[in-house]
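Q: Have a look at this one before I ask anything.
The values are calculated or read from the model by the stated rules, or taken from the named source; none is laboratory data. Note that this is a predicted model, so its numbers are computed, not measured. Ideal geometry is used to build each Cβ from the backbone, glycine not excepted, and the neighbour counts take in all protein chains shown. With ligands, DNA and RNA removed, areas are computed over all heavy atoms of the protein, side chains included. Shrake-Rupley method; radii C 1.70, N 1.55, O 1.52, S 1.80 Å.
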Amino acid sequence: MTRIYPHIVVAKFGGTSVADFDAMNRSASIVLADKDVRLVVLSASAGVTNILVELAAGLQSRDRLDKIDTLRTIQYNIISRLKQPDAIGQEIDRLLLNISRLAETAEHCATPALSDALVSHGELMSSLLFVEVLRERDVETQWFDARKVIRTTDAFGCAEPQIAETAELAEKQLRPRIEQGLVITQGFIGSDDTGQTTTLGRGGSDYSASLFGEALHAARVDIWTDVAGIYTTDPRIVPQAQRMERVSFSEASEMAAFGAKVLHPATMLPAMRKDIPVFVGSSKQPSAGGTLVCRHAENPPRYRALATRRKQTLLKLHSLHTQPACSFLAETFAVLSRHNTAIDLVTTSENSIALILNSSCATSGEADSLTTSLLTELSSRCRVELETGLDLVTLIGNELTQASGVCKDVFAELEKHHVRMICHGASEHTLCFLLPAETSDSAVKALHRSLFE
Ligand code: ADP
Ligand code: ASP
Ligand code: MG
């Protein structure tokens, strides 16, 4: 009999939660413990996407073979623990062969489209293996290709989802399958309207999970990772960081946008649009609880958390005094807009503008938005200065511009730090400052001690 599930829960498991056979089994137990989980969204096994990104950049034959060997080892460490490894082994071999062909092409002609096609294999492999792990526990599931539903632009490496098309495709292609049983799919990947594979940017599986949740009107999205919730700062930087039981959409969204890696920066957008609570917990310790992100959190504190966004580039533009200050601003932003350059933080003086370029989305390195053509155009209009090796530290909180003493609380702790830029005032929720990368962790530790411990 076909059952209708009005309360669909989407469960996403990150790289460490599907890193090996034991991790996959732990994640499978979490799925089976909650009958409302109807859709499982998986990342590639830990380390796999990094290798695929290297291959996509175009490696020479010897390095390429080494990397593909490492990929094979990761997959076969899982396959060898299965009771019936043959059929799935052949399937994974076929994908490894595809990887090897695409990587060979990349050596001669690396393109963003080829890169996404190649990188998508990590999620394809982990999801196939997870279906097998469940089958050996006598649970029949359906493997589903996320590219049939997640429709995106063709901005390879950092594609934008098309919400209306995705919702329509989910209704047609996915809902009927979910009504038949548990469905396993991939995070991170989608396709454009010509059917080419795209990706949502590094860490994009969280975003996929909330996009699926939105498209299916899910009751909840669960993000299972390697930490038992969202903490007052990255517990890798500050072991004393405390788990937050409940945070609001806007607080979590600011944390993600300003570098808290536990959530992809865009994860909260679909959840906010459809008012879907998001739970974050640890797949290693599911009983340890986690954080619930929902529309409102009671008694929001003045200071909520600290986040670090690494590898920032400071672009300083100085007017040549040939035009009035107001047209210098207008023309500069018109140039940036023509070059599709995402700027989220700005300070200005009469003759200069300082901008932070965020390069945390795409698969390549520092300041990928700073193209040669953009630099050439800017240099023809003003004097350009660039500074790299910087981290953006953000204090996330509530009504930060309404309270007195916020700046004293923060900058008293930063007395010995070389603060390169400060942004405060536009948002009620953030106070950001730019520091040399080598000193940002010590600033976060000092601030955490004084504001949270
Ligand atoms: P996954 O592979 O499951 O997606 P990620 O590595 O992307 O996991 O995200 C989990 C990591 O996010 C944690 O190991 C932690 O170091 C980091 N992190 C950064 N900021 C925070 C925070 N405020 N709370 C919890 N974890 C955080
Ligand atoms: N596998 C992709 C990455 O490593 C997506 C994800 O894990 O969220 O970036
Ligand atoms: Mg992640």
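Q: In the list S319, S287, which residue meets the criterion of being modelled with pLDDT of 95 or more and out of contact with any His (no Cβ under 9 Å at 6 or more places or on another chain)?
A: After ruling out the rest, the residue left standing is S287.
Q: What pairs can you find where one residue is in the range 6-33 and in contact (Cβ under 8 Å) with a residue 24 or more places away in the chain and within 16 Å of ligand 3 (Cβ to nearest atom), the other is among the acidic types (D, E) and open to solvent by 10 Å² or more (accessible area, probe 1.4 Å), and their Cβ atoms are less than 6 Å apart, with a gap of 6+ or different chains?
A: Filtered contacts from the range 6-33: T16/D226.
Q: Quick one: M255 ticks every box in (1) away from ligand 1 (no atom under 14 Å from the Cβ); (2) buried (at least 24 other Cβ atoms within 10 Å of the Cβ) except a single one, so which number is it?
A: (1)
Q: Another question, if that's okay. Identify all residues within the range 187-206 that are part of a strand (DSSP E or B) and either near ligand 2 (Cβ under 8 Å from one of its atoms) or open to solvent by less than 10 Å² (accessible area, probe 1.4 Å) (or both); write none if there are none.
A: Across the range 187-206, the qualifying residues are I189, G190, S191, T198, T199.
Q: Look at the range 308-340 and say how many of its residues are within 16 Å of ligand 3 (Cβ to nearest atom) and in contact with a Cys (Cβ under 9 Å, 6 or more places away or on another chain).
A: 1
Q: Do you know which residues across the range 23-52 are open to solvent by 10 Å² or more (accessible area, probe 1.4 Å) and within 16 Å of ligand 1 (Cβ to nearest atom)?
A: Residues satisfying the conditions are R26, I30, S43, A46, G47, T49, N50, I51.
Q: Continuing with the same structure: Name, by its number, the condition in (1) at pLDDT below 95; (2) open to solvent by less than 40 Å² (accessible area, probe 1.4 Å) that does not hold for A260.
A: So A260 meets the others, but not (1).
Q: Further question on the same structure: All but one of (1) within 16 Å of ligand 3 (Cβ to nearest atom); (2) touching a strand residue (DSSP E or B) at 6+ places or on another chain (Cβ under 7 Å); (3) within 15 Å of A228 (Cβ to Cβ) hold for G259; which doesn't?
A: (3)
Q: In contact (Cβ under 8 Å) with a residue 40 or more places away in the chain and either open to solvent by 10 Å² or more (accessible area, probe 1.4 Å) or hydrophobic (A, V, I, L, M, F, W, C) (or both), is that true of P239?
A: It is false that P239 is in contact (Cβ under 8 Å) with a residue 40 or more places away in the chain and either open to solvent by 10 Å² or more (accessible area, probe 1.4 Å) or hydrophobic (A, V, I, L, M, F, W, C) (or both).
Q: Limited to the range 17-38, what total is found for residues that are within 16 Å of ligand 2 (Cβ to nearest atom) and either in contact with a strand residue (DSSP E or B) (Cβ under 7 Å, 6 or more places away or on another chain) or under 15 Å from V278 (Cα atoms) (or both)?
A: Going through the range 17-38 one residue at a time, the tally reaches 3.
Q: Within the range 60-71, how many residues are modelled with pLDDT of 95 or more and either open to solvent by less than 70 Å² (accessible area, probe 1.4 Å) or under 17 Å from E123 (Cβ atoms) (or both)?
A: The number of residues fulfilling the criteria is 5.
Q: Filter the range 428-444 for residues that are surrounded by fewer than 17 Cβ atoms within 10 Å (Cβ to Cβ) and farther than 14 Å from L390 by Cβ and give the result.
A: E428, S442
Q: May I ask you to say which residue of A170, A159 is part of a loop (DSSP other than H, G, I, E, B), under 27 Å from L114 (Cα atoms) and open to solvent by less than 10 Å² (accessible area, probe 1.4 Å)?
A: A159
Q: Taking the stated definitions as given, is A57 farther than 21 Å from F212 by Cα, more than 16 Å from ligand 3 (Cβ to nearest atom) and free of Cβ contacts under 8 Å to residues at least 12 places away in the same chain?
A: Criteria not met by A57.
Q: Which count do you get for residues in the range 241-256 that are outside any strand (DSSP E or B) and either within 16 Å of ligand 3 (Cβ to nearest atom) or of a type in the set (A, V, I, L, M) (or both)?
A: Here the count works out to 6.
Q: Under 9 Å between Cβ atoms, at least 6 apart or on separate chains: pull out the pairs that start in the range 322-338 with a residue that is free of Cβ contacts under 8 Å to residues at least 40 places away in the same chain and end on any residue that is open to solvent by 60 Å² or more (accessible area, probe 1.4 Å) and of a type in the set (A, V, I, L, M).
A: L336/A342
Q: Looking at A271, A218, can you tell me which residue is assigned to a loop (DSSP other than H, G, I, E, B), more than 15 Å from ligand 3 (Cβ to nearest atom) and more than 24 Å from K311 (Cβ to Cβ)?
A: Residue meeting the stated conditions: A218.
Q: Just give me the residues in the range 274-307 being within 16 Å of ligand 3 (Cβ to nearest atom), among the hydroxyl-bearing types (S, T, Y) and closer than 28 Å to D391 by Cα, in sequence order.
A: S282, T291
Q: Here's something else I'd like to know. Please list, ordered by first then second residue, the pairs with beta carbon atoms under 6 Å, 6 or more apart or interchain, first in the range 142-163 and on the phi < 0 side of the Ramachandran plot and of a type outside the set (A, V, I, L, M, F, W, C), second part of a loop (DSSP other than H, G, I, E, B) and crowded, with 22+ Cβ neighbours inside 10 Å.
A: Cβ pairs passing all conditions: T152/A159; T153/A159.
Q: Where residues in the range 207-236 are more than 16 Å from ligand 2 (Cβ to nearest atom) and acidic (D, E), which of them is least open to solvent (accessible area, probe 1.4 Å)?
A: My answer is E214.
Q: Further question on the same structure: Residues in the range 223-240: is at least one assigned to a loop (DSSP other than H, G, I, E, B), of a type in the set (G, A, S) and within 16 Å of ligand 3 (Cβ to nearest atom)?
A: There is at least one residue in the range 223-240 that is assigned to a loop (DSSP other than H, G, I, E, B), of a type in the set (G, A, S) and within 16 Å of ligand 3 (Cβ to nearest atom).
Q: Which residues, counting only those in the range 98-122, are within 21 Å of the chain's Cα centre (by Cα) and surrounded by fewer than 17 Cβ atoms within 10 Å (Cβ to Cβ)?
A: A113, the sole residue that qualifies.
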